[in-house]
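Notes follow once the structure below has been shown.
The values are calculated or read from the model by the stated rules, or taken from the named source; none is laboratory data. Just so you know, these numbers come straight off a predicted model, no measurement behind them. Neighbour counts run over all protein chains shown; Cβ positions are idealised from the backbone, glycine included.
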Amino acid sequence: MKINNVILQTVAKIVAFIILTLAVYLFLSGHNSPGGGFIGGLVLASALVLLFVVYDIEKVKNAIPVDFKKLAAFGAFLSVGTGFGSLLFGAPFLSQSFAYFDLPFFGKTELTTVTIFEAGVALVVVGVVVTIILSISEDV
Amino acid sequence: MSTLNIAIIFPFIAAIVIPFLYNKIRKLHIGWFAMLVSFVLFIYFARYVPRIANGETFANTINWIPSYGINFTAYLDGLSLILALLITGVGTLVILYSIFYLSSKESLGRFYTYLLFFMGAMLGVVLSDNIMVLYVFWELTSISSFLLIAFWYQRKRSRDGAKKSLLITVSGGFGMLIGFIMLYIMTGTWSIREIISMAGSFTDHALFIPAMLLLLLGAFTKSAQFPFHIWLPDAMEAPTPVSAYLHSATMVKAGIYLVARFTPIFGGESIWFWLVTGVGLLTLFWGSFSAVRQTDLKAMLAYSTVSQLGMIMSMFGIGSAALHFGNSTVSVVYTQATFAALFHLVNHSTFKGALFMVVGIVDHEVGTRDLRRLGGLVTLMPITFTIAMIGSFSMAGLPPFNGFLSKEMFFTAVLTIGEAGIFSLDTWGTLLPVIAWVASIFTFVYSMIIVFQTFFGPYKEERLEHPAHEPPVGMLIAPGILALLVIGIFFFPNVLGDYILTPAMMGIFPSLPAADLSVPISAWHGFRSMELWMTIGVIIFGFALYKTRKKWAFVYKLFPEKWSFNSFYSYSLEKLEEHSTTITNSYMTGYLRDYMVYIYLFFIVAIGGTIIYTGVYAFDISGNSSVSEFEWILVLVMIIAGISVLFAKSRLTAILLNSILGYGVATFFVIFRAPDLALTQIIVETVTTVLFLVAYYFLPEWKKEDVPRKSRNVNLIISISVGIVFTVIALTVQSGKLFESISGYFENSYELAGGKNIVNSILGDFRAFDTMLEVVVLLIAGIGVYSIIKLKAKKEDESVEDQ
């Protein structure tokens, strides 16, 4: 099935960026306002899904040469890894920590280990959602 | 973090690194890296020897789950040290040997990953003080053993052997886990040291005997004791280095270690004494008796390992009697049996390791290990022959090899225990030396078979795969070192005794004075000693039986094959599969509708039943806030959408109506000020709609199903009941406060977790464990979908089971 939908493709080009930006924003803001790793990852995945729906799967795959299975596995590794990371500092498994730093340009910023954990969650969500949708849609 | 904990984790880290190294470095055999890891650990543990010999012990704790008292505590005392030295020392030699044994065409990355994985798990077993952690490592050794036995997974026999070993050892492990939990119930601690310090105070507890039996079940299955020994011969399908390492030197000693470790707790009890000694002696006899009839060299060694393990086990049983007498000089006499057990533990690892490697060499060089085809190799493989002779003669209990010393001590132990006058030994005590002696004769016979059948007699080159010649020098180094140890220990046994064995005795008998536990080992007991005459008897009778073995081979036919434990195992496995297939087929109809009915029926019965049984369905809505018009409209829309789904004519309509429900719920989240949930719900709804549309393509035509009126009515009742149960749950969850409120955490999330968003503080911090596991589950689900869809075996694909 050859898709040739100019309007949808043009719109999707711009919208995809907006969604991606939203995803990053949601991911980063999750600590203090609505958002977080799961939602951020899901929004990111939906942007990708939009691209897959509008363009060919092949085309998008060429543009984003990422193996989403590996991405998901890496995410899980990151999440579980942060759990073990806390052991290295003598804290119980999965203890999270946070501190405030004065960074140039950003001013007083809170840096947390939970962000790494959430990044892992986000990557798993993106990887798994895209993997599932791609494998079902490619199965002909 | 102490170096002891790192020493346990080190092999695991190395195991992770190996696949990457293997892909990068192709020129150098990856085994050298694994050997380096093992050797470094050996040196590390060897450095503890002087301090342990001084009576020091080392412990270090890393908190794992402190709220349950489960901590990763590494504890090193004399007993752990023996095992740790064996694991790393024999490990180094086995890896060295395997470098020459396995050709570079094999998937070496996998092999050494598993091997180091095993080494770490095994170190974990012997160095853990916390029994829960010990259990985890215990099962890890079973799993790595499974993977290593099935290393040549293309062969059916490898897979079957792996499955058998896993089934038997893991079931025993489960029993042991229950035993551990019982111990915890009795003592309130997971720490072995603390349990030992309480030993004796809980012997009257109702769970004391069950805990002991379950613990022994774990130990017996792991150490291949009768009747669980059947897995060990089948495990010989593994590559020979694995058999030498896991299935003779280390893993099968884990059960023995467990018995030794728990002797202070259960020792002195009559049941413990008789079970450990009795099963050990029975295994000793049965193993050596079965070994004689084997025609495969490796199978013969497997049965011989079974028998030797039984011998060590029985000595630990005899030694445990010492604790019956408490803190007196009488008891010291019986601790000698335990000393002999430890001594033989080390000796067995040296001579059996060497023998396994020799068999591997023979197999490798001439292509067969069938005794009927072998013969006359002595002139062609003189060095191999020398090592085989040293190993076999040591196993047979001949001087000047270390097996002689421990065999003599074994005879001493079975002779002295008859005089103890406890546990009704007056009646049965005389039987012990007899069984031990008869079993030793069989041991002598098969030891002779190994040497003489393989290396003497006519050389039949036409029956071999390759003409015989000496292996590369590298293959001879490891067995050579072990053979030197066999002789070295015979001449200087007390070095080993004083520095290694005596400290281990202190670990097993903490209540006895350390000075009495040291036993001088001597080769010569004088002409009047019974042990000497027993050994001479073994040699005479053994030689006679060896010469006439064809005449009495009919004895083995007295036991029909179908009465063996092996047939029992396969029979029960077969029946289990058969019956479970029948049961599964009876309800797995292939109709999604039926599966839904099962789920909902279970739901109604379990949840609805609980609600009625506990009587929580009374609820009060007077305190609820009023429902606004806007909310009424939303509810109405959702109800209409929900009902319309039933009457939808096309799939697309049904999907869209369904998503109205989802978005409606999202709107409710917005109204009730739950932005996180609303966001999630909206995106999930969007992505699922896409998923539906993708799957839509593959679905068959949507048509009315012809369902009989009766089942339609049943379905109606089920769906209404599900709806009622759900509504009642939603209303009643508010009604009672069963637990103390934990909202304090959430209110203070900014101080506790540095985040103002309490939802994410829960997800990422307070309940991060749940989130972590959910993420892993998600990943597994994704991989599952991918592999089911993508990796379907195509018709033209050849079967992987080629042998």
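In table form, for the structure just shown:
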read-out	value
B:Ser142 vs. criteria within 20 Å of the chain's Cα centre (by Cα), among the small types (Gly, Ala, Ser) and outside the structural domain of B:Ser320 (by TED's automatic domain parsing)	yes
Selected residue (criterion: farthest from A:Val125 (Cα to Cα)) from residues of region B:734-783 that are in a helix (DSSP H, G or I) and touching a residue at least 60 places away in the same chain (Cβ under 8 Å)	B:Val759
First in region B:635-656 and in the same structural domain as B:Thr689 (by TED's automatic domain parsing), second anywhere and β-branched (Val, Ile, Thr) and assigned to a helix (DSSP H, G or I), Cβ under 6 Å, 6 or more apart	B:Ala641/B:Ile660; B:Ala654/B:Val645
Positions within region B:178-194 being buried (at least 19 other Cβ atoms within 10 Å of the Cβ), within 27 Å of B:Thr283 (Cβ to Cβ) and of a type outside the set (Phe, Trp, Tyr), in sequence order	B:Gly179, B:Met182, B:Leu183, B:Ile192
Region B:49-63: number of residues that are surrounded by 15 or more Cβ atoms within 10 Å (Cβ to Cβ) and under 15 Å from B:Leu501 (Cβ atoms)	3
From B:Ala468, B:Ala439, B:Ala420, B:Ala504, residue being at pLDDT 90 or above and either in a helix (DSSP H, G or I) or assigned by TED's automatic domain parsing to the domain that holds B:Gln336 (or both)	B:Ala439
Of all residues in region A:5-41 being more than 22 Å from B:Ala768 (Cβ to Cβ) and touching a residue at least 40 places away in the same chain (Cβ under 8 Å), the one that is nearest to the chain's Cα centre (by Cα)	A:Ala12
Members of region B:690-710 found to be facing chain A (nearest Cβ under 10 Å) and either β-branched (Val, Ile, Thr) or exposed (fewer than 10 other Cβ atoms within 10 Å of the Cβ) (or both), listed by number	B:Val690, B:Val694
Test: residue in region B:68-76 that is part of a helix (DSSP H, G or I) and either farther than 17 Å from B:Ile9 by Cβ or out of contact with any Leu (no Cβ under 6 Å at 6 or more places or on another chain) (or both)	yes
Filter pass, A:Ile7 being surrounded by fewer than 20 Cβ atoms within 10 Å (Cβ to Cβ) and part of a helix (DSSP H, G or I)	yes
From B:Asn757, B:Asn715, residue being more than 10 Å from chain A (Cβ to nearest Cβ), over 43 Å from the mean Cα position of the chain (by Cα), surrounded by 14 or more Cβ atoms within 10 Å (Cβ to Cβ) and of a type outside the set (A, V, I, L, M)	B:Asn715
Every residue from region B:64-87 that is of a type in the set (Gly, Ala, Ser) and surrounded by 23 or more Cβ atoms within 10 Å (Cβ to Cβ)	B:Ala74, B:Gly78, B:Ser80, B:Ala84
Test: residue in region B:516-538 that is in contact (Cβ under 8 Å) with a residue 12 or more places away in the chain, in a helix (DSSP H, G or I) and within 30 Å of B:Leu76 (Cα to Cα)	yes
Hey, B:Val136 in a helix (DSSP H, G or I), free of Cβ contacts under 8 Å to residues at least 40 places away in the same chain and within 30 Å of A:Ser95 (Cβ to Cβ) or not	yes
Some residue of region B:261-273 being farther than 30 Å from B:Gly375 by Cβ, basic (Lys, Arg) and in contact with a helix residue (DSSP H, G or I) (Cβ under 6 Å, 6 or more places away or on another chain)	no
Residue that is modelled with the lowest pLDDT [pool: residues in region A:101-120 that are surrounded by 11 or more Cβ atoms within 10 Å (Cβ to Cβ) and more than 8 Å from chain B (Cβ to nearest Cβ)]	A:Thr109
Conditions (1) away from chain A (no Cβ under 14 Å); (2) surrounded by 15 or more Cβ atoms within 10 Å (Cβ to Cβ); (3) hydroxyl-bearing (Ser, Thr, Tyr); number of the one not met by B:Ser743	(2)
Of all residues making up region B:36-67, the number that are under 19 Å from B:Ile9 (Cβ atoms) and more than 14 Å from chain A (Cβ to nearest Cβ)	14
Count of residues meeting criterion [within 17 Å of B:Ala53 (Cα to Cα) and either of a type in the set (S, T, N, Q) or surrounded by 15 or more Cβ atoms within 10 Å (Cβ to Cβ) (or both)] in region B:479-497	4
Boolean, B:Ile312 is over 25 Å from the mean Cα position of the chain (by Cα) and in a helix (DSSP H, G or I)	no
Matching residues in region B:760-789 - criterion: being facing chain A (nearest Cβ under 9 Å) and acidic (Asp, Glu)	B:Asp765, B:Glu774
A:Val128 more than 7 Å from chain B (Cβ to nearest Cβ) and of a type in the set (A, V, I, L, M)	no
Residue in region B:611-634 that is exposed (fewer than 13 other Cβ atoms within 10 Å of the Cβ), β-branched (Val, Ile, Thr) and closer than 30 Å to B:Glu701 by Cα present	no
Odd one out for A:Leu94, checked against (1) over 17 Å from A:Gly120 (Cα atoms); (2) at pLDDT below 85; (3) at the interface with another protein chain (Cβ under 7 Å from one of its Cβ atoms)	(1)
Qualifying residue in region A:57-78 (condition: among the aromatic types (Phe, Trp, Tyr), within 7 Å of another protein chain (Cβ to nearest Cβ) and surrounded by 20 or more Cβ atoms within 10 Å (Cβ to Cβ))	no
Filter result (β-branched (Val, Ile, Thr) and not in a helix (DSSP H, G or I)) within region B:599-635	B:Val616, B:Ile621, B:Val627
Lone qualifier among B:Val94, B:Val40 - being touching a residue at least 40 places away in the same chain (Cβ under 8 Å) and out of contact with any Asp or Glu (no Cβ under 9 Å at 6 or more places or on another chain)	B:Val94
